[in-house]
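S.K.: The structure is given below, and queries will be raised subsequently.
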Amino acid sequence: MEQQAREGRGTFREVLNRVTERFARTRSMKPGHIVFRLEGTDGGSYVLECTKGECRILETAAAGVDTVPLIEVIGDGARIKAILSGEKDAVQQFFAGGFRVRGDIRYLSDVALELGLIKEPL
């Protein structure tokens, strides 16, 4: 838990960078885009652009507009940052209306399980 608390520090970009490094090594990762559309203090638009064996983060006001993402996450940046850093439970936050998800939910479930963001498949 102490490591998770340390990971929660920093900007959304820093937390996303740490998750992306782990994500690129997962068995579940497949080529495509994962888009984050965030509001609030940690707001912004981010795209994880994944290719065979690597992911990179793009940050722009129009991130991902010209592509159909595998997954799109929409919500409060601080809440999603807390989920990605392990400070908040992803399933509880989703059912509380803390964020929305569009796209391949099975893929999201597989990735979230492998990253330790959820304990059971969706």
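S.K.: If Arg56 meets every condition in (1) in contact with an Asp or Glu (Cβ under 6 Å, 6 or more places away or on another chain); (2) surrounded by 14 or more Cβ atoms within 10 Å (Cβ to Cβ) apart from one, which number is that one?
M.R.: (2)
S.K.: Looking at this structure, is Arg6 surrounded by fewer than 19 Cβ atoms within 10 Å (Cβ to Cβ) and modelled with pLDDT of 90 or more?
M.R.: no
S.K.: OK, next. Can you tell which of Val15, Val47 is crowded, with 20+ Cβ neighbours inside 10 Å and free of Cβ contacts under 8 Å to residues at least 24 places away in the same chain?
M.R.: Only one candidate qualifies: Val47.
S.K.: Listed residues Gly64, Gly75; which is modelled with pLDDT under 95, small (Gly, Ala, Ser) and not in a helix (DSSP H, G or I)?
M.R.: Gly64
S.K.: Tell me which of these Gly40 doesn't satisfy, since it passes every other one: (1) more than 14 Å from the chain's Cα centre (by Cα); (2) without any contact (Cβ under 8 Å) to a residue 60 or more places away in the chain; (3) surrounded by fewer than 14 Cβ atoms within 10 Å (Cβ to Cβ).
M.R.: (3)
The values are calculated or read from the model by the stated rules, or taken from the named source; none is laboratory data. The structure presented is a predicted model; accordingly, all values stated were derived computationally and were not measured. All Cβ positions, glycine included, derive from the backbone under ideal geometry; neighbour counts span all protein chains shown.
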